[in-house]
Amino acid sequence: MKRLDKIPTSKIERATKLVTTGIKIGVNYAKYYGNKITKTEEEARDQLNEDNATDIYDGLKELKGSALKVAQMLSMEKSLLPNAYVEKFSLSQFSVPPLSGPLVVKTFQKYFKKTPNEVFDTFTVESVNAASIGQVHKATANSKTLAVKIQYPGVANSISSDLAMVKPIAMKMFNIKGERSDEYFKEVESKLLEETNYVLELEQSNEIANACKHIPNLKFPKYYEEFSSDRILTMDWMDGVHLSEFTKKQFNQEVSNKLGQALWDFYMYQLHVLKKVHADPHPGNFLVSPENELIVIDFGCMKEVPESFYVPYFELAVRENIDNPAFFESKLYELEILREDDTEEEITFFKGLFYEMLSLFTQPFQQEEFDFSDENFFGKIAALGQKYSKSTELKKMNGNRGSKHFIYINRTFFGLYNLMHDLKATDIKNNNYKNI
């Protein structure tokens, strides 16, 4: 794989890279119109999606940072994006071009004031894993095998300017009008900035690991403050395979249910007890150990769940509440889905949309046990996403809906559901976290 000797860090360099990518997309559309002459519409569209996904990912993987993080977030939207984008963007979870050896040493010296070999007994200059914000190296110290995560140069400083470039595109994609839009982008910006703060990540990692260590079949690495800084994070090396690789192999249902229950218990305990949740549930953040235990390895993105959001959000996971029109409407106002300045048309439309969505999406909470291998359930979710992505009625309305907390809580549940489905976990006990 190609090694990067330099990452664009200035606003001009990064904007130029995005413009270059935009030009390539324009060429792809020209090819698409030509292909429609000799191919079917479906074949031409599939080729366009494949070409665009490749060019967009190729541009973002050299920028790294928040630009690549957006691709990572989008790769979890399996029901909304064409498969070509999901497959290509999912590479951002743990397989992107790493920094070259000299740049690794230079970066290490900048943040740690020493070379890697002055800190550790051994240090592998070649990375073993490269993702959107940092890459991981293997090292040893005091007879311990360690994983050392080094942040890419310039990532933290480019977040605000990257989001400013992405904002007009995102607003158009999600039909967000100007009013209050800054609140959503500030929420994303603050979380991305937190992810670049490895001192905070170390604190959060220890906090959640200590709080959740009682959950069966769940493991966490130990973190080492003496080998860490604000841009370097060192933890135990954990043997295992990424969850995405594990789910591609043959495994029995007992193992699937064991891992699925551990994952579900982990999230339910965080949400309902800690009111703070690991809000980045993509396969690159989980390993499966040789003993078939689930290992959580990244706590950079944690989301506090305020009581004012938690209460109405989970009240609308109860079937009786969804089916109570007056109660349902009052909770939509509490969650800022409905607004005081809405027209009757908007109230009727969004009540119908969220009734349909919540009736489906909350089904795992309305049963003692749930089967996440159910293709029918996930097919309905995909169909609902497609229905509203093509809705001309929705496009006429202000998509600026809901509390800012929805951004990361919805991301958490979409990611969690996808992981549970990938595991094909069945007979998952919804409230098992209360009994452990």
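Checking the conditions here, which among His214, His278 is open to solvent by less than 40 Å² (accessible area, probe 1.4 Å) and either of a type outside the set (D, E, K, R) or touching a helix residue (DSSP H, G or I) at 6+ places or on another chain (Cβ under 8 Å) (or both)?
Residue meeting the stated conditions: His278.
Using beta carbons and a limit of 7 Å, which pairs, at least six apart or on different chains, have the first residue in region 244-269 and among the polar types (S, T, N, Q) and the second one open to solvent by 70 Å² or more (accessible area, probe 1.4 Å)?
Ser256/Lys424; Asn257/Asp427; Gln261/Lys429
Filter region 363-372 for residues that are touching a helix residue (DSSP H, G or I) at 6+ places or on another chain (Cβ under 7 Å) and among the polar types (S, T, N, Q) and give the result.
Gln363, Gln366
Among the aliphatic types (A, V, I, L, M), surrounded by 14 or more Cβ atoms within 10 Å (Cβ to Cβ) and modelled with pLDDT under 80: is that true of Val119 in this structure?
Against the criterion (among the aliphatic types (A, V, I, L, M), surrounded by 14 or more Cβ atoms within 10 Å (Cβ to Cβ) and modelled with pLDDT under 80), Val119 does not qualify.
Tally time: how many residues in region 343-379 are of a type in the set (A, V, I, L, M) and either in a loop (DSSP other than H, G, I, E, B) or at pLDDT 95 or above (or both)?
2
Looking at Arg401, Arg411, which one is part of a helix (DSSP H, G or I) and under 21 Å from the mean Cα position of the chain (by Cα)?
Matching residue, one of Arg401, Arg411: Arg411.
Any residue that is of a type in the set (S, T, N, Q) and under 16 Å from Asn418 (Cα atoms) - is there at least one of those in region 259-270?
If we filter region 259-270 for residues that are of a type in the set (S, T, N, Q), which is where we start, we get 261, 270.
Remaining after also requiring under 16 Å from Asn418 (Cα atoms): 261.
Yes, some residue in region 259-270 is of a type in the set (S, T, N, Q) and under 16 Å from Asn418 (Cα atoms).
Within region 230-241, can you find the residues that are in contact with a helix residue (DSSP H, G or I) (Cβ under 7 Å, 6 or more places away or on another chain), in a strand (DSSP E or B) and not polar (S, T, N, Q)?
Ile232, Leu233
If I go through region 263-275 residue by residue, how many of them are open to solvent by less than 10 Å² (accessible area, probe 1.4 Å), in contact with a strand residue (DSSP E or B) (Cβ under 8 Å, 6 or more places away or on another chain) and of a type outside the set (Asp, Glu)?
Residues in region 263-275 being open to solvent by less than 10 Å² (accessible area, probe 1.4 Å), in contact with a strand residue (DSSP E or B) (Cβ under 8 Å, 6 or more places away or on another chain) and of a type outside the set (Asp, Glu): 6 in total.
When you go through Ser228, Ser205 one by one, which is the residue that is among the hydroxyl-bearing types (Ser, Thr, Tyr), surrounded by 17 or more Cβ atoms within 10 Å (Cβ to Cβ) and more than 23 Å from the chain's Cα centre (by Cα)?
Exactly one of Ser228, Ser205 is among the hydroxyl-bearing types (Ser, Thr, Tyr), surrounded by 17 or more Cβ atoms within 10 Å (Cβ to Cβ) and more than 23 Å from the chain's Cα centre (by Cα), namely Ser228.
Just give me the residues in region 390-424 being within 21 Å of Leu338 (Cα to Cα), touching a Phe, Trp or Tyr at 6+ places or on another chain (Cβ under 8 Å) and hydrophobic (A, V, I, L, M, F, W, C), in sequence order.
Passing the criteria: Leu394, Met397, Ile407, Ile409.
I'd like the residue in region 374-414 that is more than 29 Å from Tyr310 (Cβ to Cβ) and of a type in the set (Ser, Thr, Tyr) and, out of all such residues, is most open to solvent (accessible area, probe 1.4 Å).
The extreme case among them is Thr392.
Which of the residues spanning region 292-332 are in contact (Cβ under 8 Å) with a residue 40 or more places away in the chain, crowded, with 16+ Cβ neighbours inside 10 Å, more than 30 Å from Val241 (Cβ to Cβ) and not aliphatic (A, V, I, L, M)?
Answer for region 292-332, where residues must be in contact (Cβ under 8 Å) with a residue 40 or more places away in the chain, crowded, with 16+ Cβ neighbours inside 10 Å, more than 30 Å from Val241 (Cβ to Cβ) and not aliphatic (A, V, I, L, M): Phe309, Tyr313.
Restricting to region 186-196, name every residue that is under 8 Å from Gly300 (Cα atoms) and surrounded by fewer than 19 Cβ atoms within 10 Å (Cβ to Cβ).
The answer is Glu194, and nothing else.
Any residue in region 232-242 that is modelled with pLDDT under 95 and either farther than 18 Å from Ile297 by Cβ or among the β-branched types (Val, Ile, Thr) (or both)?
Within region 232-242, one or more residues are modelled with pLDDT under 95 and either farther than 18 Å from Ile297 by Cβ or among the β-branched types (Val, Ile, Thr) (or both).
The values are calculated or read from the model by the stated rules, or taken from the named source; none is laboratory data. In this text, all values refer to a predicted model and were calculated from it rather than measured experimentally. Neighbour counts are summed over all protein chains in view; Cβ atoms, including those assigned to glycine, are modelled from backbone coordinates with ideal geometry. These area figures cover heavy atoms from the full protein model, side chains too; ligands, DNA and RNA do not enter into them. Shrake-Rupley method; radii C 1.70, N 1.55, O 1.52, S 1.80 Å.
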